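Reviewing the structure listed below.
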Amino acid sequence: MRKGKTFIQSTLAVTCAALFVAACGGGGGDNSAATGTLRTAMTDAPSCGYDNVFVTVDRIRVNNSASAGPDGEGWSEIVLDQPRQIDLLDLQNGVIEELGEVTLPVGRVQQVRFVLVDNATVDPADIDFDPDADPTRAPNHVVFSAGGFEDLKTPSGQQSGVKINVGIDVAEGQVADLLIDFDACKSVVEAGGSGNYLLKPVLTAIPRLSSGVRGSVADALVSQGVSISLQQDGEVVRATAPVESTDLADNGEFILSQVPPGTYDLVFTAPGFTTKVVTDVIVPEGQLVNLDFDATTPVDENEILLEPATVEGDAVGTVTNTDDMKPATFVEINQTLSLGATVLINSAQLSFETFDTSGNLTGMGDTAGYAFTLTVDAPEVAPYTATGVFNFAIDTAAEGQYTVMAIAEPVDLTPVVQTASANFDPGFVGTVDSPREVLTNDFDFSSSPAP
């Protein structure tokens with residue numbers, strides 16, 4: 001398997017991992033005890049400036065009740081023979097790793113809880129370590145592209161499993177597929193300037209599908225941390241990093257699979273480069289749309305090349321919440337194009353946790369900060385064509401114009417959103433390196449929403 005890198009400073013809301021859940025016919029059985037099978041697997045996409053993101057899966061719990069508590073009745077479990085350590089960055093471009101299955105009564109599964117091991121309590125002798133990992137390190141940890149590693153602290157509440165609301169029917173003799181995205185970018189959170197990293201899994205459920213998009217980016221971009229995403233209205237449906245390979249025929253290729261049929265914006269971003277967007281990409285049901293069918297020809301008009309940015313600025317600020325309980329909180333950076341499409345450029349999950357000088361968790365603070373470096377240069381935009389040859393034009397109206405969104409997401413409640421502008425002066429005299437224009441926006445979620 002190949003490793004990929006992505007540019008995003010904190011986290012792009014990309015589909016960075018997926019747990020596949022399939023309800024498939026268990027065969028036979030009488031009507032009074034009809035059963036089906038729940039099968040699990042994982043897949044992934046890029047992850048925010050890391051060479052490796054190792055997580056260690058212990059079990060998956062399922063229940064037909066959406067309101068069942070973690071200690072309530074009705075739970076069935078898919079327990080791995082050994083807790084399995086998986087590098088999420090091995091699972092890119094459509095790669096899936098099977099995890100196991102469980103037989104269930106016919107009915108609707110409405111809740112899944114995904115359980116990872118706790119670094120502090122698990123016995124390393126029990127773990128099936130990833131062959132590329134150092135078994136002397138914590139079961140859950142990240143390896144930075146710039147060098148070094150950090151353990152991922154897992155909140156104590158996670159031991160009962162991270163809750164995901166689903167709705168998948170287990171029917172006798174039938175197969176029903178479901179993907180659960182493990183968003184590694186949002187799930188790995190740096191706790192302010194403490195140097196501590198938290199593993200706070202962000203999981204969502206989508207259907208498992210064979211449709212999607214494939215293409216390629218220029219070889220020179222592969223090492224620059226380019227990220228490719230399919231988006232709708234500024235929400236990432238699927239994202240990945242390109243293949244990094246010594247085989248030049250594969251280097252730079254990407255596949256965005258498991259995509260529901262529909263119309264998407266295809267977004268290319270990388271640190272220090274202008275954004276490129278291909279609008280109105282139509283993905284038919286069951287079809288993998290090839291954007292670069294002449295990728296092996298000497299002169300390739302179809303592969304994507306990004307231009308270096310000439311000017312960058314910084315969007316910074318804080319999010320305050322004085323409530324004792326704080327919902328998961330994210331900051332997103334969006335850009336609206338002249339044609340009306342909104343695309344997500346960057347995002348981060350924030351951490352209110354505080355630590356002492358020894359790295360021990362001491363409690364929760366009231367303020368969390370964020371910082372993004374944004375390209376001021378105008379994005380390049382082109383409409384999709386069936387030939388894959390895109391005529392990009394500079395969208396001058398979107399130059400330096402961004403929207404900052406702070407989002408509080410209480411469990412099982414409607415997210416609350418606050419927005420602000422980050423409008424850089426296109427005439428600002430500066431370069432990528434110096435000086436920089438800094439725009440500050442602060443947000444306050446105190447007492448809203450209730451946790």
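Every number here is computed from the coordinates shown, using simple stated rules; none is lab data. Please read all numbers here as calculations on a predicted model, not as lab measurements. Here the Cβ is made from the backbone with ideal geometry for all residues, glycine too, and neighbour counts use every protein chain on show.
Fewest to most neighbouring Cβ within 10 Å: what's the order for 405, 325?
325, 405
What ranking do 51-61, 390-400 get when scored by the average of other Cβ atoms within 10 Å per residue, highest first?
Working: 51-61: 23.5, 390-400: 16.0.
Descending mean neighbour count gives 51-61, 390-400.
Tell me, 189, 417 in order of fewest to most beta-carbon neighbours within 10 Å?
Ordered from fewest to most neighbouring Cβ atoms within 10 Å, 189, 417 come out as 417, 189.
If you average 1/r over all unlike Cα pairs in the stretch 342-451 and invert the result, what Kirkwood radius do you get in angstrom?
The Cα-based Kirkwood calculation yields 17.6 Å.
Taking a ≥ b ≥ c as the square roots of the eigenvalues of the Cα gyration tensor of the stretch 240-387, is the shape rounded (a/c under 1.5), prolate (a/b larger than b/c) or oblate?
It comes out prolate by the Cα gyration axes.
List the pair-distance distribution P(r) of the stretch 386-443, using every Cα-Cα distance, as the percent of pairs falling in each 10 Å bin from 0 up to the bin containing the longest distance, rounded to whole percents.
Result, from short to long distances: 17, 30, 25, 22, 6 percent.
Quick check on the exposure proxy: order 333, 127, 282 from fewest to most C-beta atoms within 10 angstrom. Could the numbers behind the result be given before it?
On the way: 333 21, 127 18, 282 13.
Fewest-to-most Cβ neighbours within 10 Å comes out as 282, 127, 333.
Rank 57, 102, 89 by how far each Cα sits towards the positive end of the charge dipole of the stretch 57-143 (+1 on Lys, Arg Cβ; -1 on Asp, Glu Cβ) and give me just the farthest.
Farthest towards the positive end: 102.
For residue 413 and residue 397 in the same chain, what is the full-extension length gain: residue separation times 0.36 nm, less their Cα-Cα distance, in nm?
Going from the current span to full extension adds 2.1 nm.
How large is the direction-averaged shadow of the alpha-carbon convex hull of the stretch 307-405, in nm²?
It is 9.4 nm².
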